[in-house]
Amino acid sequence: MNQSMRQIRHAVEFTEIYKSSSDKYLREARCVAYQLQHILQPLEPEDRLAGMMRHELVGFSSQYGGIYTYYFHEPEFLAAFQDCREELDEPARKKAEAALEFWKLENTRKKVANRFIRQYGFEMGYSFHSAGYANCDCRVAGTNVDFQKLMDLGLDGLDREIERWGAQNENSSFYQALHLWVNAVRNACARYAREAEGLSEVCTGERQARFRELARALKNIQHKAPETFLEGLQLMWIYSVCSDLMNYGRMDDYLGDLYAADLQAGRLTEEEGVQLILGLYRHFKTIGKIHDCRVIIGGVGRRAPEHADQLAMAFMEASRRFKETVPQLTLRYHKGMSEEVLNKAFQVNAEGCTFPIFYSDETNVPAVEKLYGIPREEAEQYVPFGCGEYVIVGKSTGTPNSGVNLLKALEILLHRGYDKFFEETIETGLPELQQYSTFEELYEALFRMMEPTLQRLAVHKMMNYQVAGEEAGYLHQSLLMDDCLSRGKALLEGGVRYLNAASEVFGIISAADSLTAIKKLVFEEKRLSLQELVAILDADFEGHETEHKWMRDAPKYGNDIEEADEMATRLFNDVAELTTGCGEKAGLNRYHIVSVNNSMSAEWGYYCEASACGRRRSAAISNGNGPSIAADQSGITALLNSMAKFPTDNHAGVINNIRFTRELFASSFEKVKLLVQTFLENNGVQLNICAVGKEDLENAMKHPEQYQNLMVRIGGFSARFVTLESSIQREILARTTYEG
């Protein structure tokens with residue numbers, strides 16, 4: 001059977017199973033059990049762990065490709081159907097055609113769109129009004145489940161937990177479906193155990209021994225809680241693969257005891273541990289989710305820090321050797337942490353790995369405690385996922401499905417609601433430029449204009465959760481999240497302890513620097529009228545070199561200049577407050593901004609006209625909480641001082657990118673280390689460190705074949721520099737490199 005025929009057959013059979021169950025919990029369990037029989041891929045001779053998948057045209061997932069719950073890849077379905085149409089008999093063709101028409105309306109994403117249309121009269125999809133201003137999509141992404149519970153109980157222990165709580169609650173089909181889900185994971189282990197045994201019979205030497213050991217581990221974890229590092233790592237991974245989870249939480253914490261016990265008992269050497277981790281990393285690379293794939297090490301609130309630190313060292317050594325875009329290895333820093341672990345982290349970064357990423361527990365734990373109104377012990381279990389959004393392990397959701405470009409918003413305001421790039425009206429009823437007699441009037445008008453859009457984004461986010469909860473129980477997450485079992489409620493039906501969400505802000509620093517320039521040049525010094533300034537921007541500064549220099553010379557964030565930094569923090573605070581208020585109106589428990597931009601700083605910059613910060617038309621906008629491109633001209637200390645001025649308790653994640661040359665790292669290792677520590681202990685939230693020189697980037701653009709392994713940090717993810725679009729390469733090249 002060719003691939004197209006197989007895909008169509010799977011879609012038809014999946015559809016029949018879906019239609020056969022009226023109970024959403026049992027339907028999900030049966031659909032996923034069928035799905036796992038077909039999407040799990042065979043063991044390969046190089047594998048050290050079992051579990052890989054290939055998604056089909058129709059299926060169930062929380063995150064795959066941004067398509068959530070019951071998804072439908074319509075273009076791929078049509079292509080496969082066309083490819084094998086002539087080979088299908090008439091009954092099979094009719095079933096395929098019926099499945100096609102069914103999923104056009106039944107896929108969950110479509111149901112969210114329909115609900116939004118009923119409320120607002122139009123669809124709010126990925127491109128809303130115009131590209132580059134605001135967006136939204138559907139996902140239930142980034143939830144970090146309680147893997148410690150999985151390690152402690154194992155699959156049989158989870159069954160006993162389901163039975164215990166099921167006896168006390170009335171939602172019998174929910175608990176029945178959870179049993180089916182656990183059994184589906186158990187069956188996946190059994191399948192891979194058979195495959196490992198088969199490979200052990202045909203392999204020799206080290207591979208034979210490896211597959212025998214893997215087969216034993218897969219047999220053991222079908223019923224017993226893991227007793228070795230291999231068993232724990234394998235159980236975590238097979239659960240993640242079956243669940244489509246793409247963020248893995250505090251791995252040094254929930255696997256540290258198993259790792260340390262193996263080392264002490266002589267069952268495992270440090271090198272063997274690194275090799276197992278590298279086997280996991282190779283699976284990460286195959287999946288290729290560079291915007292996700294977080295592995296967290298370090299930090300307060302771990303059960304056995306000494307054991308966890310032993311494993312953290314192994315993870316960093318694996319990343320040092322792997323030098324890939326995944327996993328996004330993340331180190332939570334705190335005072336008094338192991339000096340050995342800290343030194344290793346800087347050494348790995350110094351080699352150009354872009355990992356681990358640093359987060360400050362000194363800053364973030366009290367901030368998360370206040371932000372979410374939760375106890376300290378819960379706040380200590382915060383983890384960044386994806387590009388850097390926060391959730392609480394086992395206790396909260398936090399999906400970021402929407403975003404707004406503040407620089408584009410300012411541009412639209414200055415053109416009375418008109419988008420020059422797309423030549424369309426976005427907003428109406430805005431004042432003429434001459435009507436703004438003070439800067440405060442202009443600033444307040446910006447937020448009045450944005451509020452309806454931000455409110456619709458929040459409503460769309462709530463609908464995303466509501467519709468997903470109506471369609472499915474999200475059994476894989478509900479089982480390992482507080483308090484779903486005890487409440488007898490699924491994740492999105494009141495089961496999860498904290499139903500949170502996030503919305504991205506883009507171009508915040510470019511917008512702040514532009515507002516600073518407008519305030520100074522138009523309203524304070526009166527060198528230009530607002531109309532004249534806008535005309536200069538519309539001309540992309542052509543013929544206005546003097547005025548362009550005025551705007552470039554206006555105070556810029558990132559130089560420890562109070563005037564510029566105050567504007568940046570004010571804008572950040574105000575958009576954070578407005579976003580939170582919109583979330584409350586929409587019914588979300590918490591809805592906060594995140595400034596963790598990915599490559600959209602370059603992509604959305606393309607749609608923006610020239611801006612008053614001195615940026616030309618279509619150039620990249622600022623990334624995350626980093627400065628406007630190359631605007632930080634006063635040294636690394638000044639930049640970090642500016643970054644540390646932001647409030648820490650009104651957002652759900654920010655990123656700060658800095659770049660050193662490798663030579664600086666080598667010659668001033670202790671100074672760089674002290675600089676970063678000082679920042680993280682004095683209101684600093686996070687740092688992405690990239691050790692690469694500007695000359696290397698320039699040479700890589702000219703001779704990409706010679707720089708295939710050059711890694712760079714984009715925003716909330718890393719990439720091989722030579723694989724990036726030229727616009728993104730130019731944006732990275734233009735960032736400041738600190739050499740001494």
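The values are calculated or read from the model by the stated rules, or taken from the named source; none is laboratory data. Since we're looking at a predicted model, the values are computed, not measured. So basically every Cβ, Gly included, is an ideal-geometry build from the backbone, and we count neighbours across all protein chains shown.
Of the residues making up segment 78-99, those that are in contact (Cβ under 8 Å) with a residue 40 or more places away in the chain and surrounded by 15 or more Cβ atoms within 10 Å (Cβ to Cβ) are Ala80, Phe81, Asp83, Cys84, Leu88, Ala92, Lys95, Ala96, Ala99. The criterion of at least 2 residues that are closer than 30 Å to Pro375 by Cβ is met by the following helices (runs of 4 or more DSSP H) wholly inside segment 486-598: 562-586.
The set of residues in segment 321-349 that are part of a helix (DSSP H, G or I) and either free of Cβ contacts under 8 Å to residues at least 24 places away in the same chain or surrounded by 19 or more Cβ atoms within 10 Å (Cβ to Cβ) (or both) comprises Phe322, Glu339, Val341, Lys344, Ala345, Phe346, Val348, Asn349. If the condition is being touching a residue at least 24 places away in the same chain (Cβ under 8 Å) and either in the same structural domain as Ala50 (by TED's automatic domain parsing) or assigned to a helix (DSSP H, G or I) (or both), then segment 188-210 contributes Ala188, Cys189, Ala190, Arg191, Tyr192, Ala193, Glu195, Ala196, Leu199, Arg207, Arg210. For segment 162-195, filtered to residues that are among the β-branched types (Val, Ile, Thr) and within 30 Å of the chain's Cα centre (by Cα), the residue that is farthest from Gln208 (Cα to Cα) is Val182. For segment 283-292, the condition holds for at least one residue, the condition being that it is in a loop (DSSP other than H, G, I, E, B), over 15 Å from Thr330 (Cα atoms) and not aromatic (Phe, Trp, Tyr).
Screening Ile629 on (1) of a type in the set (Val, Ile, Thr); (2) at pLDDT below 95; (3) surrounded by fewer than 16 Cβ atoms within 10 Å (Cβ to Cβ) shows it passes everything except condition (3). Hey, any hits in segment 170-179 for a residue that's outside the structural domain of Asn401 (by TED's automatic domain parsing), under 30 Å from Glu411 (Cβ atoms) and in contact with a helix residue (DSSP H, G or I) (Cβ under 7 Å, 6 or more places away or on another chain)? No, because not a single residue in segment 170-179 is outside the structural domain of Asn401 (by TED's automatic domain parsing), under 30 Å from Glu411 (Cβ atoms) and in contact with a helix residue (DSSP H, G or I) (Cβ under 7 Å, 6 or more places away or on another chain). Scanning segment 350-366 for any residue that is more than 30 Å from Glu663 (Cβ to Cβ), aromatic (Phe, Trp, Tyr), part of a strand (DSSP E or B) and modelled with pLDDT of 95 or more turns up nothing. Would you confirm whether any residue within segment 613-633 is within 25 Å of Asn364 (Cα to Cα) and without any contact (Cβ under 8 Å) to a residue 60 or more places away in the chain? Checked segment 613-633: no residue is within 25 Å of Asn364 (Cα to Cα) and without any contact (Cβ under 8 Å) to a residue 60 or more places away in the chain. When we screen Arg207, Arg216, Arg212 for residues that are closer than 29 Å to Val145 by Cα, surrounded by fewer than 19 Cβ atoms within 10 Å (Cβ to Cβ) and at pLDDT 95 or above, the only hit is Arg216. Considered as a group, the residues in segment 667-708 that are in a helix (DSSP H, G or I) and among the aliphatic types (A, V, I, L, M) include one that is surrounded by the most Cβ atoms within 10 Å (Cβ to Cβ), and that residue is Leu680. Selection within segment 709-735: residues that are part of a loop (DSSP other than H, G, I, E, B) and modelled with pLDDT of 85 or more. The member of this set that is farthest from Val594 (Cα to Cα) is Leu710.
Among residues of segment 549-573 that are modelled with pLDDT of 95 or more, those with a Cβ under 6 angstrom from a residue that is of a type in the set (Phe, Trp, Tyr), sequence gap 6+ or separate chain, pair up as Ala564/Tyr557; Asp565/Tyr557; Ala568/Tyr557; Thr569/Phe646; Phe572/Phe646. Kindly list, by first and then second residue, each pair from a residue in segment 517-545 that is acidic (Asp, Glu) to a residue that is part of a loop (DSSP other than H, G, I, E, B), limited to pairs with Cβ atoms under 8 Å and residues at least 6 apart or on different chains. From segment 517-545, the pairs are Asp538/Lys420; Asp538/Glu609; Asp538/Ala610; Asp540/Glu609; Asp540/Ala610; Asp540/Arg616; Asp540/Arg617. Out of all the residues in segment 293-320, which are in a helix (DSSP H, G or I) and small (Gly, Ala, Ser)? Answer for segment 293-320, where residues must be in a helix (DSSP H, G or I) and small (Gly, Ala, Ser): Ala308, Ala312, Ala314, Ala318, Ser319.
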